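Have a look at the structure below, then the notes.
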Amino acid sequence: MVAAGEQSAPLVRAARREDVPLLLELFGELAEYESLTDIVMATEQRLTDALFGERPAAEALIAEVDGETAGYAIFYPTFSTFLAIQGIWLEDLFVRPAHRGGGVGRALLANVARALRERGGERLEWSALDWNELALGFYARIGASQMNEWVTHRLIGPELAALAADADAGPR
């Protein structure tokens, strides 16, 4: 029994197709928190295809506390050539403000780690914005190492299209 004013332990479950609108709502909340609402382009169809299509690109977990959605995690497989092991990249870990500090983030991350271990994987990685002290503190408390010697790069939009077009142009 849970004492008055306390929350129950988080329940973490795999997202279902019918959760797509809820996940999009949560994506919006994360984007607002990170001041990135202007780049959100996810739609129900795109997300449904990504999570539940013929070749799913990612998986999602949803955390609930006392029947209320408290947060989510999105992740997908990676591979290390040097170690020849499978890993997981944690794309998002988001906990709604009302549920922060109640074990939701840890429960989500623990379930991602368990999924990785069940698949024989040995490396869980993610990134966090350098200004997000709340997240950085949480990750430090669970024993995560910062990989400061690695610089993340990204190609999107016209730059990605231009590079892809080089493949059609043949050897250089």
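Numerical summary
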| item | result |
| --- | --- |
| Exclusive hit being under 10 Å from the mean Cα position of the chain (by Cα) and either surrounded by 13 or more Cβ atoms within 10 Å (Cβ to Cβ) or in a strand (DSSP E or B) (or both), set Phe79, Phe94 | Phe94 |
| Answer residue from segment 20-39, given it is part of a helix (DSSP H, G or I) and among the aliphatic types (A, V, I, L, M) and is surrounded by the fewest Cβ atoms within 10 Å (Cβ to Cβ) among those | Ile39 |
| Flag if Leu163 is assigned to a loop (DSSP other than H, G, I, E, B), farther than 23 Å from Pro10 by Cβ and at pLDDT below 95 | no |
| Residue match in segment 116-126 (condition: farther than 24 Å from Pro77 by Cβ and in a helix (DSSP H, G or I)) | no |
| Where Gly105 falls short, out of the listed (1) in contact with a helix residue (DSSP H, G or I) (Cβ under 8 Å, 6 or more places away or on another chain); (2) in a helix (DSSP H, G or I); (3) under 24 Å from Gly157 (Cβ atoms) | (3) |
| Leading residue by the ranking (surrounded by the most Cβ atoms within 10 Å (Cβ to Cβ)) among those in segment 54-76 that are in a strand (DSSP E or B) and charged (D, E, K, R) | Glu59 |
| Single unsatisfied condition, Ala115 versus (1) among the aliphatic types (A, V, I, L, M); (2) at pLDDT 95 or above; (3) exposed (fewer than 13 other Cβ atoms within 10 Å of the Cβ) | (3) |
| Yes/no for Leu51 being free of Cβ contacts under 8 Å to residues at least 24 places away in the same chain, closer than 22 Å to Ala107 by Cα and either among the polar types (S, T, N, Q) or not in a strand (DSSP E or B) (or both) | no |
| Test: Ala42 is surrounded by 13 or more Cβ atoms within 10 Å (Cβ to Cβ), of a type in the set (A, V, I, L, M), free of Cβ contacts under 8 Å to residues at least 60 places away in the same chain and in a loop (DSSP other than H, G, I, E, B) | yes |
| Which numbered condition Ala162 misses (of (1) touching a residue at least 12 places away in the same chain (Cβ under 8 Å); (2) of a type outside the set (Asp, Glu); (3) surrounded by 10 or more Cβ atoms within 10 Å (Cβ to Cβ)) | (1) |
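Per-residue answers, yes or no, for (1) in contact with a Pro (Cβ under 8 Å, 6 or more places away or on another chain); (2) touching a residue at least 60 places away in the same chain (Cβ under 8 Å); (3) basic (Lys, Arg); (4) closer than 23 Å to Glu25 by Cβ:
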residue: Arg106; (1), (2), (3), (4): no, no, yes, yes
residue: Arg117; (1), (2), (3), (4): no, no, yes, no
residue: Glu133; (1), (2), (3), (4): no, no, no, no
residue: Tyr139; (1), (2), (3), (4): no, no, no, no
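The values are calculated or read from the model by the stated rules, or taken from the named source; none is laboratory data. Since the model is a prediction, treat every value here as computed from it, not as a measurement. Cβ sites come from the backbone with ideal geometry, for glycine too, and all protein chains shown count toward neighbours.
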